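Accompanying notes for the structure given below.
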């Protein structure tokens, strides 16, 4: 996706700034408990940070696999 | 009598084809199931000696140890007890199975036209009857020396039995149990190479060396006992009827859905876009992000087998 189409898409969504977009996860209290337990265990400083860490590592693994033509 | 260095032999017997034997084992005792001439499958049931409602569960054992549990693995009881009942401390073959159910009278009648035939369900039932259990109490068996696999299409298969004379498995009782091995009754299947042979059973007093071969099992709040149950007594009649005073008390219900706002940079959103374009992780940004988060968390933090799909 080009940067222009990306910005247009964000604008259409009406939920962005120029640098950040908000994605809203629908989670129940048990799923939030799992996230908060990880934070309490010192794995991350916040819910936001933990989830972005996950995305970063997941993308690094799965997008590189896709780029190499592997199933992932 | 069988000797085993440092161990005291408590009992030794042979079970003949078509038979099985229920044995009381106290915590710390060891049951050896040994081939007399080889290539013989041994089906096995196991109950808590003081509460027969706690019994061995193939499903949880399969979940935790895979289709072929062996030395170092446990025999787990069914939910909600979920305790290791016995530990496999020796296995000289390594071809055990917890995929196949016990063979039964129905199976031989349906597949072979043999209405009266040795089968593991009925052999187990007859052996368990010595302790007051009924045919309804027989559970799916741990199949020792049963050589099985799953083909590429997902279908299970039975391969040639590779156990030789003198091969054995040893089980250390981690609680007082009723252990019930039987000579598998399937003589017209590959299971025991089309010939039923006796099996030798030996019970030893376990030693410190035996205990040293067992890893520390988990002890968790959710390994429940009848004291945790809302109904503590065993239902003693066959008819099912409604309790008019019943009020549901499901755990954590109602599940409350809330939105967790996560701020992403343009680069992070681009990753989501690319992941979404694969069609494998979700249809919306939020679905993709949730998928990515939980699969990542499982891989990084979850205890036990991950059960992740091959990559």
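Here are the numbers for this structure:
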quantity	calculated
Filter result for the condition that a residue is in contact with a strand residue (DSSP E or B) (Cβ under 8 Å, 6 or more places away or on another chain) and under 11 Å from residue B:39 (Cα atoms), over B:190, B:175	B:190
Test: residue in segment B:69-89 that is part of a loop (DSSP other than H, G, I, E, B), within 13 Å of residue B:185 (Cα to Cα) and touching a residue at least 12 places away in the same chain (Cβ under 8 Å)	no
Sole exception among (1) in contact with a helix residue (DSSP H, G or I) (Cβ under 6 Å, 6 or more places away or on another chain); (2) facing chain A (nearest Cβ under 9 Å) for residue B:290, by number	(1)
When residues of segment B:202-214 are limited to those that are surrounded by 10 or more Cβ atoms within 10 Å (Cβ to Cβ) and in a loop (DSSP other than H, G, I, E, B), the one nearest to the chain's Cα centre (by Cα)	B:214
Enumeration of residues in segment A:30-72 that are assigned to a loop (DSSP other than H, G, I, E, B), within 8 Å of chain B (Cβ to nearest Cβ) and modelled with pLDDT under 95	A:70, A:71, A:72
Residue in segment B:118-126 that is at pLDDT below 95, part of a loop (DSSP other than H, G, I, E, B) and over 14 Å from residue B:178 (Cα atoms) present	no
Cross-chain or 6+ apart pairs with Cβ under 6 Å, segment B:169-195 first and touching a residue at least 60 places away in the same chain (Cβ under 8 Å) and not assigned by TED's automatic domain parsing to the domain that holds residue B:126, then buried (at least 24 other Cβ atoms within 10 Å of the Cβ) and in a loop (DSSP other than H, G, I, E, B)	none
Within segment B:234-268, considering residues that are in contact with a helix residue (DSSP H, G or I) (Cβ under 7 Å, 6 or more places away or on another chain) and part of a helix (DSSP H, G or I), the one farthest from residue A:55 (Cα to Cα)	B:266
Which numbered condition residue B:274 misses (of (1) in contact with a helix residue (DSSP H, G or I) (Cβ under 7 Å, 6 or more places away or on another chain); (2) facing chain A (nearest Cβ under 8 Å); (3) crowded, with 18+ Cβ neighbours inside 10 Å; (4) assigned to a helix (DSSP H, G or I))	(3)
Which listed residue is under 10 Å from the mean Cα position of the chain (by Cα), farther than 25 Å from residue B:26 by Cα and either in the same structural domain as residue B:135 (by TED's automatic domain parsing) or modelled with pLDDT of 95 or more (or both), from B:66, B:105	B:66
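The values are calculated or read from the model by the stated rules, or taken from the named source; none is laboratory data. Only a predicted model underlies this, so the values are computations on that prediction, with no experimental measurement involved. In this analysis, Cβ positions are derived from the backbone assuming ideal geometry, glycine residues included, and neighbour counts consider all displayed protein chains.
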